[in-house]
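Since the structure comes first, as structure tokens, the remarks are kept for the end.
The values are calculated or read from the model by the stated rules, or taken from the named source; none is laboratory data. The shown structure was predicted, so the numbers you read here are calculated from the model rather than taken from an experiment. Note: ideal-geometry Cβ built from the backbone for every residue, glycine included; neighbour counts use all protein chains shown. The area values use the complete protein model at the heavy-atom level, side chains included, leaving out ligands, DNA and RNA. Shrake-Rupley method; radii C 1.70, N 1.55, O 1.52, S 1.80 Å.
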Amino acid sequence: MDDIRVTISPRSPRLLDQVRLHMRQNGLAYRTEQTYIHWIKRFIYFHNKQHPKTMGAKHIENFLADLSNTRYCSANTQRTALNALVYLYKRFMSVDVGDLNYTPAKYHRRLPVVYSREEIAAIVRQLHGVHRLQVELLYGSGLRKAELLSLRIKDIDFSSRNIIVRAGKVNKDRSTLLPENLIPRLRDQVDAVERLHYQDLQEGYGEVYLPNALARKYPNAAKETGWQFLFPSNYISQDPRSGALRRHHMHPSSLAKQLKKAVYTAKVNKPARSHSFRHSFATHLLEAGYDLRTIQELLGHSDIATTEIYTHVINRGGKGVKSPIDNLTT
């Protein structure tokens with residue numbers, strides 16, 4: 001249940017609790033909250049647990065320089081740490097740290113790991129049941145793993161052939177395509193969840209976690225079928241924050257284990273990463289002639305520059321250039 005927000009008392013005297021509450025009031029996504037809190041903690045521990053109000057721009061510069069010079073972190077990692085500290089000082093503490101002077105980390109462009117169509121087919125053949133359906137959705141709809149596991153029954157719109165992704169990255173909603181080939185098995189999955197939910201209700205359970213303030217706004221929604229997770233856990237578990245007994249969605253490790261085994265058995269010599277199916281989705285759409293703007297919307301990228309990375313990995317034999325050895329006769 002790592003995707004459920006920690007309950008915090010508004011009267012908590014702890015700095016990090018107050019920062020968390022401030023982020024929630026400003027509508028930051030929970031993953032952003034977790035990431036920012038992580039870097040704020042790292043910053044505080046780096047300076048021997050000094051309180052941020054006793055520190056300033058120089059301390060931030062030293063911390064960012066250490067990430068680059070000693071930790072050899074990537075430019076993206078350093079930028080994330082900077083964003084977290086700017087939020088802490090500028091937005092939470094209302095302190096302007098001015099222009100920062102630090103050693104920027106070197107930017108290394110890494111091409112994404114993309115599976116070929118043949119590799120995807122080989123991997124899928126090694127999977128069965130719900131895990132096969134999950135991987136086919138990752139590839140067929142371009143979902144992130146967290147988005148896949150967070151899907152509710154009501155997010156599958158069979159009539160319009162859309163999947164609604166709620167509060168994805170940067171807390172945005174979007175729609176992506178629902179593959180025609182998966183509709184029969186998705187209907188079967190919905191039926192299976194409905195039967196499981198009915199059984200839970202008969203046994204005195206049947207309540208599911210609702211995000212934000214929905215549980216207070218709609219007190220009966222937590223037991224409605226539409227709000228149940230599309231891929232529920234096999235077990236009823238106790239919410240460590242509220243103590244409520246609920247059936248949450250499947251744990252990410254379950255899919256990761258099956259995927260690793262499938263990639264190995266299929267003899268695909270690439271890393272077993274669920275995110276690679278999303279990369280493959282975008283790359284194969286680009287190869288099929290779909291425009292970048294459409295792919296950007298399906299992926300939910302804020303900046304089209306993020307989507308443009310796939311133009312560097314499309315299967316066109318070195319950007320359409322034919323190797324001179326292909327014309328060599330021996």
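For the reader, a short list of remarks on this structure follows.
- Entirely in region 156-269, the helices (runs of 4 or more DSSP H) that have 2 or more residues that are among the hydrophobic types (A, V, I, L, M, F, W, C), touching a helix residue (DSSP H, G or I) at 6+ places or on another chain (Cβ under 8 Å) and more than 20 Å from residue 31 (Cα to Cα): 183-202, 252-265
- Inspection of region 134-142 identifies at least one residue that is among the aromatic types (Phe, Trp, Tyr) and in a helix (DSSP H, G or I).
- Looking across region 22-51 at every residue that is open to solvent by less than 30 Å² (accessible area, probe 1.4 Å), part of a helix (DSSP H, G or I) and modelled with pLDDT under 95, the one that is farthest from residue 84 (Cα to Cα) is identified as 30.
- Criterion applied to 17, 66 was being among the acidic types (Asp, Glu), farther than 29 Å from residue 214 by Cβ and in a helix (DSSP H, G or I), and the one residue passing it is 66.
- Scanning region 203-225 for residues that are open to solvent by 90 Å² or more (accessible area, probe 1.4 Å) and among the aromatic types (Phe, Trp, Tyr) turns up just one, 218.
- In region 73-92, the residues that are closer than 21 Å to residue 306 by Cα and of a type in the set (Gly, Ala, Ser) reach residues that are open to solvent by 50 Å² or more (accessible area, probe 1.4 Å) and not in a helix (DSSP H, G or I) with C-beta atoms within less than 7 angstrom, at least six apart or across chains, in these pairs: 74/108; 75/104; 75/106; 75/107.
- For region 166-174, the criterion of being at pLDDT 95 or above and open to solvent by 40 Å² or more (accessible area, probe 1.4 Å) is met by no residue.
- A Cβ distance below 9 Å, combined with a sequence gap of six or more or placement on separate chains, defines the contacts here; from region 39-59, residues that are over 16 Å from residue 95 (Cα atoms) reach residues that are of a type in the set (Gly, Ala, Ser) in the pairs 39/81; 39/84; 42/81; 42/84; 43/81; 43/84.
- Condition met for residue 148 (open to solvent by less than 30 Å² (accessible area, probe 1.4 Å), part of a helix (DSSP H, G or I) and either touching a residue at least 12 places away in the same chain (Cβ under 8 Å) or touching a Lys or Arg at 6+ places or on another chain (Cβ under 7 Å) (or both)): yes
- Which numbered condition residue 263 fails, given (1) modelled with pLDDT under 95; (2) among the β-branched types (Val, Ile, Thr); (3) surrounded by 17 or more Cβ atoms within 10 Å (Cβ to Cβ): (1)
- Odd one out for residue 101 among (1) touching a residue at least 40 places away in the same chain (Cβ under 8 Å); (2) surrounded by fewer than 15 Cβ atoms within 10 Å (Cβ to Cβ); (3) under 30 Å from the mean Cα position of the chain (by Cα): (3)
- Residue under evaluation residue 278, criteria (1) basic (Lys, Arg); (2) part of a helix (DSSP H, G or I); (3) open to solvent by 70 Å² or more (accessible area, probe 1.4 Å); (4) closer than 19 Å to residue 145 by Cβ, criterion not met: (3)
- Some residue of region 81-93 being basic (Lys, Arg) and not in a helix (DSSP H, G or I): no
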